[in-house]
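Structure first, then comments.
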Amino acid sequence: MKTGLVLEGGGMRGIYTNGVLDCLMDNGFYSDYVIGVSAGACGGVSYVSGQRGRSKRINLGYLDDKRYLGLESLRKTGSMFGMDFLFEEIPNRLDPFDYAAFLASPIAFVAGVTDVETGKPAYFGKEAMNGTSVVLRASSAIPVFSPAVEINGRRYLDGGTSDPIPVKKALEDGCDRLVVVLTRDRSYQKQPEKLRVAYRRVFRDAPKMIEALDRRHEIYNETLDFLRGLERRGIAQVIAPGRPVQVGRFERDPLRLNALYKTGMLDAQKFLSRIGWERPTASPVPQAAGEN
């Protein structure tokens, strides 16, 4: 049986996923395959590399740093999240990402992005992340709030726009069963985008991207319906907050973020106590030292 782990994005709500993944690592639960978009992809790579706690350190450790998140970054770089800081300074110097462990891990990894010209999802595997975080940067580039990222001559943005919960891709890639981590509670239904005037102006030369943003809420809600069907068939199990999340995409309150992280850990522990499957064999990836 091939077990896949599917990780939704959500900006700073991804701290919930960080708690889930740290708990799974603490308990030796390593899937065969991981796919994520945006914040889910960013957290997923540290799970694959075995760097327990790294995502939490990044999300909580730089909240007061103007290079990380906020209007100062938007003014200077055109992005609410400081993309150079996040995807170059941190992984290469401040909190090094273990590319060697990531590439050597037996866990397959896929990151989802959105092609600006087609408005369709595209996917990149480990081979595109050999010593570079450019794919994660593209997957995390929020439309309007970040510039597009060029890879091999094509422009990409936030993977959550076109395939927000990539369960179908995981099934296409041969997964027999899925663990899906959501960053919204199960009652959540996405509403149409509120910034239509802004994104129609920004993407006036990319009509397919406008169309993707117009349909984003429909795709999201249809995916939730599809996921419920997988649950009924015993193919998927879901880990999600039990109540509406009061943490925004650009949240900077450390108390709220830490509380959501702890909620993720608790919910993952509940999942582990109820799971009816035989657990996947723990991956032999090294564990990061010195993390609490």
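The values are calculated or read from the model by the stated rules, or taken from the named source; none is laboratory data. Since we're looking at a predicted model, the values are computed, not measured. When we count neighbours, we look across all protein chains shown, and the Cβ atoms used for this are built from the backbone with ideal geometry, even at glycine. Ligands, DNA and RNA are stripped out before the accessible areas are found, and what is left, the full protein with its side chains, is counted by its heavy atoms. Shrake-Rupley method; radii C 1.70, N 1.55, O 1.52, S 1.80 Å.
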Under Karplus coefficients 6.51, -1.76 and 1.60, residue-wise ³J(HN,Hα) of the range 235-241 in Hz, glycine/proline x:
8, 10, 10, 10, 10, 8, x
Short version: ³J(HN,Hα) in whole Hz for each residue of the range 158-174, in order, from phi by Karplus 6.51 cos²θ - 1.76 cosθ + 1.60 (θ = phi - 60°), x for Gly and Pro, what are they?
2, x, x, 5, 9, 8, x, 9, x, 6, 5, 5, 4, 5, 4, 7, x
Each label sits 7 Å from Cα toward the beta-carbon; between residue 76 and residue 117 the label points are separated, in nm, by 3.4 nm
Amide H to amide H, which residues 5 or more places from residue 236 or on other chains are under 5 Å from it, using H placed in the peptide plane?
178, 231
Counting each DSSP H run of 4 or more residues in the chain as -39500 (n - 2.57), what helix-only mean residue ellipticity at 222 nm follows after dividing by all residues, to the nearest 500 deg cm²/dmol?
-11000 deg cm²/dmol
Accessible area of the chain with a 1.4 Å probe: how many percent of it is carbon plus sulfur?
49 percent
Given an 8 Å cut-off on Cα distances and at least 6 residues of separation, report the relative contact order of the chain as a percent.
30 percent
Provide the per residue accessible area, probe 1.4 Å, for the range 20-113, rounded to a whole number of square angstrom.
34 Å²
Once the piece of chain linking residue 130 and residue 88 is laid out straight, how much longer is it, given 0.36 nm per residue of separation minus the C-alpha distance between them?
13.8 nm
Excluding residues on the same chain fewer than 8 positions from residue 190, give the lysines whose Cα lies under 24 Å from its Cα.
120, 168, 169, 208
Net charge dipole size for the chain [Lys, Arg +1 and Asp, Glu -1 on Cβ; Debye, nearest 20]
700 debye
Between residue 34 and residues 5 or more places away or on another chain, the pairs with built amide H atoms under 5 Å apart involve 5, 108, 109, 110
Pairwise label distance in nanometres, residue 225 with residue 100, each label 7 Å out on the Cα-Cβ vector:
5.0 nm
With labels modelled as points extended 7 Å from the Cα through the Cβ direction, what inter-label distance (nm, one decimal) is found for residue 144 paired with residue 191?
1.3 nm
